[in-house]
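Participant: Below are the structure tokens for one structure; questions will follow.
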Amino acid sequence: MAVPQRLIDEITDGDCVAFVGAGFTAPVVPEWRQLLTDLADSEEIDAETAEGVRALIEAGSNRDLGAAAQTIRDEMGEERFFAIMQERLADPPLNDPMRRRLALLHGIPFRAILTTNFDGVLEGEAPNREAYLRVLRPEHHRWWDRRFWDEERRGAAVVKLHGTVEKPDQVVFTHRDYRRLYASPAYSTFLRSVMASTTVLYLGFSFSDAYLNELRSEILALLDHRGGDVPVAYAIVNDASPAEMRYSAAHEGIHVLPVDTKGGSDYSGFDAYLAEIHDRTNPRQILARLVDGRRIVWVGEDHPGFRFLREAAGSAGGTTSIETLDEPVEHADLTVIHHSDTRLIARFAAEGSVVVFIDAKTPSAQRRLEAIRRGAGGYAADWPELLQEVHRILRP
């Protein structure tokens with residue numbers, strides 16, 4: 001099944017948050033049940049306690065798993081328990097499929113990435129005031145922002161909702177930790193705000209967390225969500241039946257993207273969905289679609305941004321033209337003047353849409369005003385601002 005266009009639009013418009021669960025990092029991180037089982041089988045746990053822990057693990061709910069973790073932690077002692085957790089989870093070796101999965105995730109212009117994973121695969125920060133502001137009142141989250149174009153290609157900001165194993169005082173391992181976290185008014189309000197105001201894409205998420213499910217139910221009641229309404233969330237789900245998909249859409253507000261794992265032996269469908277989302281929302285592809293079939297003229301000094309435009313033209317195909325000229329031409333869809341000569345601006349503005357691009361650490365309000373007076377249709381003081389102007393002028 002193809003990824004719905006509505007989800008693609010939500011992502012490119014900066015209105016989609018990715019919610020990453022344990023299934024995302026499963027290729028390199030031991031599954032939580034397996035890890036608890038390994039600990040229960042260790043020599044540090046007596047036979048009676050181990051039997052009780054195994055029964056909790058077999059029951060399998062989040063509450064039971066939290067109780068199993070708490071029991072092991074009490075038996076081993078906090079220092080030893082956290083030492084083993086850090087040894088197993090803090091810096092797991094990445095294989096090629098996991099590296100590719102991370103590259104795809106960071107190349108998608110999500111508003112933010114939230115994760116309940118506390119391992120070291122996804123780097124991010126624990127919930128705090130600054131993290132909440134970056135998600136709820138973001139300043140740099142659109143596809144044209146530097147985090148999607150610089151050499152590191154950091155991607156969207158990551159918030160690790162359950163903390164990180166490297167900081168034992170913050171991480172959520174046990175049922176007591178869950179109670180402490182979800183009793184925090186700030187944390188619960190933050191999640192409610194995200195779920196109510198943005199579209200959520202669940203990746204590798206099992207929907208077995210009772211606390212999060214309760215919050216989701218509150219939001220569905222708040223929005224009075226009904227069958228046939230626009231989805232409030234999307235989820236890539238393993239082996240979902242048609243009946244489950246219909247139920248999720250009608251009663252959970254979730255559009256399911258199903259993966260046929262062939263009995264648990266093939267999870268490539270997950271990566272296929274992630275790759276399609278990446279290819280349709282990646283900033284370089286967005287730019288390629290904007291310049292597709294256009295004639296764009298670059299005037300003035302060279303800049304790395306010109307290389308990005310040339311690359312986008314190459315991706316778009318042979319009908320796109322990126323030229324460096326000193327004289328105005330007819331029928332140019334966009335002219336970018338990387339120069340402050342106001343007479344030059346006036347000459348080119350007479351022939352079509354012009355954006356003046358002055359890459360300056362300190363933008364000049366006077367220079368901007370003068371460019372507009374001379375006929376420029378836009379002004380950009382840095383590369384992200386130039387991309388934003390290209391988007392404004394060339395978008396369909």
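The values are calculated or read from the model by the stated rules, or taken from the named source; none is laboratory data. All of these numbers come straight from a predicted model, not from anything done at the bench. Glycine also receives a Cβ, built like all others from the backbone with ideal geometry; neighbour counts cover every protein chain displayed. With ligands, DNA and RNA removed, areas are computed over all heavy atoms of the protein, side chains included. Shrake-Rupley method; radii C 1.70, N 1.55, O 1.52, S 1.80 Å.
Participant: What are the GluC sites (Glu not before Pro) within region 1-88 that DSSP puts in a loop, where the Cβ has at most 10 other Cβ atoms within 10 Å? Numbers along the way, then the final one.
Facilitator: Values: sites: E10, E31, E43, E44, E48, E51, E58, E75, E78, E79, E87; in loops: E31, E43, E44.
Within region 1-88, the qualifying GluC sites (Glu not before Pro) (loop, at most 10 other Cβ atoms within 10 Å) are E43.
Participant: How big is region 269-313 on each of its three principal axes, counting only the C-alpha atoms and giving the largest first in Å?
Facilitator: 47, 21, 10
Participant: Given C-alpha coordinates of region 10-60, what is the ratio Rg to Rh with the Kirkwood estimate of Rh? It would help to have the intermediate numbers written out before the result.
Facilitator: Numbers: Rg = 17.4 Å, Rh = 13.5 Å.
Answer for region 10-60: 1.29.
Participant: When each pair of different Cα atoms in region 295-396 is counted once in the 1/r mean, what is the Kirkwood radius in angstroms, to one decimal? Mind showing how you got there, number by number?
Facilitator: Numbers: mean 1/r = 0.0738 Å⁻¹.
13.6 Å is the Kirkwood radius here.
Participant: Let me ask something additional. GNM on the chain, C-alpha springs below 10 Å: top fluctuator among T324, T281, T174?
Facilitator: Most flexible of the set in this elastic network: T324.
Participant: Considering only protein heavy atoms and a probe of 1.4 Å, how much of the accessible area of region 141-191 is carbon and sulfur, as a whole percent?
Facilitator: On the way: 1090 of 2320 Å².
So the carbon and sulfur contribution to the accessible surface is 47 percent.
Participant: Stretched out fully, how many nm does the piece from D169 to H391 gain, at 0.36 nm a residue minus the Cα gap? Kindly include the intermediate steps, with their values, before the conclusion.
Facilitator: Details: separation 222, 0.36 × 222 = 79.92 nm, distance 4.47 nm.
Stretched fully, the D169-H391 segment lengthens by 75.4 nm.
Participant: Could I ask something else about it? From the phi of every residue in region 146-156, what ³J(HN,Hα) in whole Hz does the Karplus formula 6.51 cos²θ - 1.76 cosθ + 1.60 yield, where θ is phi - 60° and glycine or proline is x?
Facilitator: Result, rounded to whole Hz: 4, 4, 9, 10, 5, 4, 6, 6, 4, x, 5.
Participant: With all pairs of different alpha carbon atoms counted, what Kirkwood hydrodynamic radius in Å does region 240-295 show?
Facilitator: Values: mean 1/r = 0.0723 Å⁻¹.
Final number for the Kirkwood radius of region 240-295 is 13.8 Å.
Participant: Further question on the same structure: Would you mind telling me which residue in L39, L223, L212 has the biggest mean-square fluctuation in a Gaussian network model of the chain, where springs connect alpha carbons within a distance under 10 angstrom?
Facilitator: Of L39, L223, L212, the Gaussian network model singles out L223 as fluctuating most.
Participant: Sticking with this structure for a sec: Which residues make up the longest stretch of the chain clear of trypsin sites (Lys or Arg not before Pro) that lie in a DSSP loop with no more than 16 other Cβ atoms within 10 Å, not counting the sites? Walk me through the numbers on the way to the answer.
Facilitator: Values: sites that count: R153, R154, R226, K262, K361.
Maximal segment without exposed cleavage sites: 1-152.
Participant: Which of the GluC sites (Glu not before Pro) across region 150-247 are loop residues per DSSP, with 13 or fewer other Cβ within 10 Å? Write down the numbers at each step before the final one.
Facilitator: Details: sites: E151, E152, E166, E214, E218, E244; in loops: E151, E152, E166.
Passing both the DSSP loop test and the Cβ count: E151, E152.
Participant: Can I ask one more? Calculate, in nm to one decimal, what R80 and S321 gain on full extension: separation in residues at 0.36 nm each, minus their alpha carbon distance. Kindly include the intermediate steps, with their values, before the conclusion.
Facilitator: Numbers: separation 241, 0.36 × 241 = 86.76 nm, distance 6.32 nm.
Between R80 and S321, full extension yields 80.4 nm more.
Participant: Hey, if you drop one equal point scatterer on each alpha-carbon of the chain and run the Debye formula without solvent, what base-10 log of I(q)/I(0) do you get at q = 0.13 Å⁻¹?
Facilitator: Log-scaled intensity ratios, in q order: -1.10.
Participant: At S197 and R6, where each label point lies 7 Å from the Cα along Cα→Cβ, what is the point-to-point distance in nanometres?
Facilitator: Result: 2.2 nm between the two label points.
Participant: Okay, moving on. Over the chain, average the accessible area per residue using a 1.4 Å probe and give it in Å², no decimals. It would help to have the intermediate numbers written out before the result.
Facilitator: Working: 19090 Å² over 396 residues.
Accessible area per residue: 48 Å².
Participant: If you don't mind, there's one more thing I want to ask. Pulled fully out, how much extra length does the chain show between E218 and E130, if you take 0.36 nm times their separation in residues and subtract their Cα-Cα distance? Please report the intermediate quantities before stating the final value.
Facilitator: Working: separation 88, 0.36 × 88 = 31.68 nm, distance 2.53 nm.
Difference between extended and current length: 29.2 nm.
Participant: Measuring from label point to label point, each 7 Å out along Cα→Cβ, what is the D382 to R63 span in nm?
Facilitator: Output for this residue pair reads 4.9 nm.
Participant: Expressed as an acute angle from 0 to 90° and rounded to the nearest 10, what is the orientation of the C-alpha long axis of helix 47-59 relative to the principal long axis of the chain?
Facilitator: 50 degrees
Participant: Please express the shape of region 216-312 as an equivalent ellipsoid: the semi-axes are the square roots of 5 times the eigenvalues of the C-alpha gyration tensor, given largest first in whole angstrom.
Facilitator: Working: eigenvalues 320, 80, 20 Å².
Sorted largest first and rounded, they come to 40, 20, 10 Å.
Participant: Per 10 Å bin, what percent of the C-alpha pairs of region 1-132 does each bin hold, from zero upward?
Facilitator: Percent of Cα pairs in each bin: 10, 32, 30, 19, 7, 1.
Participant: How high is the FRET efficiency from S206 to D292, r the C-beta distance, R0 51 Å, rounded to 0.05? Each step should come with its number before you reach the end.
Facilitator: Details: r = 40 Å, r/R0 = 0.78.
Efficiency at R0 = 51 Å is approximately 0.80.
Participant: Quick one: if the Förster radius is 56 Å, what FRET efficiency do S268 and I372 give, using the C-beta to C-beta distance and rounding to 0.05?
Facilitator: Values: r = 52 Å, r/R0 = 0.92.
Rounded to the nearest 0.05, the efficiency is 0.60.
Participant: Near the amide H of Y202, under 5 Å away, which other amide H atoms are found, from residues 5 or more places off or on another chain, if H is placed in the peptide plane?
Facilitator: Hits under the 5 Å cutoff: F19, Y234, A235, I236.
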